[in-house]
Ligand code: PMP
């Protein structure tokens, strides 16, 4: 009997060891980590350089509280992150995970309004569906009914606009026009809420767990930035899943040349080695708060030396081995392969993604995009079939498919073309088994 509990009673076998894109359970069975855990293990498992950097730091010191000591790994990592971030993002605030990163972004925005004498601005508009984290503040920005329902009324209810799920639209608009139509919903919502009450807009540049690798049309990104500028609203990019190379660029915002005001990252920073994330903001935002007496926010473990030493080694490995270039290359092969599976299986309604953040969605009817309705929940069924066959893919149980029955296929950035072919072959067999 286990004394552990997570979300459900479902249990998986004990993990024994992991290396590269492979993981072994204690029974000796091998799995391909086709989702990098939860899109975390970006550089693969047991990377010797990262492990050595952690060991070296452990031999020196493991913790020094930030009010008592600075530490070199945190300074070095902050400098590296600033160098890799969009112009003006010269200040870096370390956290231990994605929810903390989003909470920090929100609190930075709130305190910025406060010290600027604009505390009538407090609303942060987000999208629906979306996922921004598990803590109560980040959950208020999240729109995913099964996650929100038990906690209503939310601590602070926040307005939502629809996510640009253009693949569901049956209109005669071009992609470009659809992108603008969805972005303009932000403008309409700001006007409806009262521009003086709106502080920020938060979005995942490529959707993650909630929308399954949703990429908006090109036109969407620039228009959202324009609208935020027009109304003096802060643009927050939640790059917790997309950041640190996963989409083929260090940050996904680079694909559209967007410079958000605040960026939240996590997952790929620690890459499964340590809990680590970073929140960056434009210098004038941080300066305003520091000049006014300091940011009223912080976590005990922020800037932990072992975590930062690991984070630095993760970034070094990404560049040393050209992992972002590989991500673009094999991500393209993966998306093309998913497209071929869509040609073969009529119950695949859409495939999408960027880099190695890719997904496919199951439907019973492609025309209406009605979710695939199976009493046994095709969802967990497919995940389990693939798992049995030694491939881990990521899914989120949908509300009867209302949010879309999608599966994320996101192997580590070191995956080779041959390994992509192996993943596609197991998926093909699994879909075939699901169909029969
Ligand atoms: N934001 C996004 C976009 C995420 O995908 C996640 C995690 N799935 C989070 C925030 C929360 O991250 P964590 O689970 O590390 O708190």
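No lab work stands behind these numbers, since they all come straight from the coordinates. Keep in mind the model is a prediction, meaning the values are calculated, not measured. Virtual Cβ from ideal backbone geometry, glycine too; neighbours counted across all protein chains shown.
Derived value for the range 273-426: Kirkwood hydrodynamic radius 18.6 Å. Basis is the mean of 1/r over every pair of different alpha-carbon atoms. In terms of the mean number of neighbouring beta-carbon atoms within 10 Å, the peptides 314-321, 230-237 order highest first as 230-237, 314-321.
Nearest 5 percent is fine: what portion of the DSSP beta bridges confined to the chain is antiparallel?
Details: 34 of 48 bridges.
Looking only at bridges with both residues in the chain, the antiparallel portion is about 70 percent.
Cβ-Cβ distance of residue 170 and residue 192, R₀ of 30 Å, FRET efficiency by 1/(1 + (r/R0)^6): the value works out to about 0.70.
Can you pull a Stokes-Einstein diffusion coefficient for the range 185-237 at 37 °C (0.692 mPa s), Rh from Kirkwood over Cα pairs, as a whole number of µm²/s? The diffusion coefficient I find is 278 µm²/s.
Between 171, 405, 76, the residue with the greatest mean-square fluctuation in the GNM of the chain (Cα pairs under 10 Å linked by springs) is 171. Round to a whole angstrom and tell me the spacing of the C-alpha centers of the range 53-95 and the range 295-356. Their Cα centres are 22 Å away from one another. Using the rule -39500 (n - 2.57) for each DSSP H run of four or more residues, divided by the residues of the chain, the 222 nm mean residue ellipticity is -12000 deg cm²/dmol.
Rank-order 143-155, 193-205 by packing density, defined as the average count of other C-beta atoms within 10 Å over each peptide's residues, highest first. Please report the intermediate quantities before stating the final value.
On the way: 143-155: 12.8, 193-205: 20.6.
The most tightly packed comes first, giving 193-205, 143-155.
Could you work out which residue, out of 277, 222, 311, moves most in a Gaussian network model of the chain, that is, has the largest mean-square fluctuation with Cα springs under 10 Å? Among 277, 222, 311, the largest GNM mean-square fluctuation belongs to 222.
Mind pulling up the Rg/Rh value for the range 243-308? Radius of gyration and Kirkwood radius, both on Cα. Dividing the radius of gyration by the Kirkwood radius yields 1.02.
Taken over the alpha carbons of the range 51-320 as equal point scatterers, the Debye sum produces base-10 log I(q)/I(0) values at 0.11 Å⁻¹ of -0.60.
Between the range 147-210 and the range 402-436, the C-alpha centres lie 29 angstrom from each other. Among 239-246, 284-291, sorting by the average number of other beta carbon atoms lying within 10 angstrom of each residue, highest first, gives 239-246, 284-291.
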